[in-house]
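Right, one structure below, let's go through it.
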Amino acid sequence: MAGRPARRRVHAHFDDTYRLRWTPRAQPTLIISGTEDHVVDQQLWGQEDAFRQAHVLHRGIADAGHFPWIENPEGVRAAFGDLVDMLDRPSQPSQN
């Protein structure tokens, strides 16, 4: 495979059989992803019902790739602020 060594390594060790082992059942969850991340397919979160609940926040960090906390720390800080705001809201009664 042509390309830089890092790309060859990622391709050679990519886990294409990955299966979710954990889902956020009730705990508040923040999913952060760089909008320019070309390593992890962020569509995974939209395909699983467990990740499309009111207690799960998805925040795409602009101008960031696979390491948004390095590439756009202010965007990540804002995402955590959203999580804190969600935690400060009164919880809703369980629908179970």
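The values are calculated or read from the model by the stated rules, or taken from the named source; none is laboratory data. Source: prediction; values computed, not measured. Quick reminder, even Gly has a Cβ in these numbers, built from the backbone with ideal geometry, and neighbours come from all protein chains shown. Areas reflect the complete protein model, heavy atoms only, side chains present, ligands, DNA and RNA absent. Shrake-Rupley method; radii C 1.70, N 1.55, O 1.52, S 1.80 Å.
Could you go through the range 85-92 and let me know if any residue there is surrounded by 13 or more Cβ atoms within 10 Å (Cβ to Cβ) and either modelled with pLDDT under 85 or in a helix (DSSP H, G or I) (or both). Break it down stepwise before answering.
At the first step, the residues of the range 85-92 found to be surrounded by 13 or more Cβ atoms within 10 Å (Cβ to Cβ) are 86.
Adding the requirement that they be either modelled with pLDDT under 85 or in a helix (DSSP H, G or I) (or both) leaves 86.
Yes, there is a match, as at least one residue in the range 85-92 is surrounded by 13 or more Cβ atoms within 10 Å (Cβ to Cβ) and either modelled with pLDDT under 85 or in a helix (DSSP H, G or I) (or both).
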In the range 38-65, residue surrounded by the fewest Cβ atoms within 10 Å (Cβ to Cβ) [restricted to those that are without any contact (Cβ under 8 Å) to a residue 24 or more places away in the chain and not in a helix (DSSP H, G or I)]: Gln43
Which of (1) modelled with pLDDT under 85; (2) open to solvent by 100 Å² or more (accessible area, probe 1.4 Å); (3) among the charged types (D, E, K, R) does Asp15 not meet, given it meets every other one? (2)
Per the list (1) within 21 Å of Arg25 (Cβ to Cβ); (2) surrounded by 16 or more Cβ atoms within 10 Å (Cβ to Cβ), residue check on Asp82 breaks on (2)
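The rows are residues; the columns are (1) loosely packed, with under 10 Cβ neighbours inside 10 Å; (2) modelled with pLDDT of 90 or more; (3) under 12 Å from the mean Cα position of the chain (by Cα); (4) at positive phi.
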| position | (1), (2), (3), (4) |
| --- | --- |
| Val10 | no, no, no, no |
| Glu36 | no, yes, no, no |
| Phe67 | no, yes, yes, no |
| Asn72 | no, yes, no, no |
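Kindly provide the set of residues from the range 74-93 that are over 15 Å from the mean Cα position of the chain (by Cα) and either among the polar types (S, T, N, Q) or within 13 Å of Ser33 (Cβ to Cβ) (or both), ordered by number. Lay out the reasoning, then the answer.
Let us first name the residues in the range 74-93 that are over 15 Å from the mean Cα position of the chain (by Cα), namely 74, 81, 84-93.
Listed by number, the residues that qualify are Ser91, Gln92.
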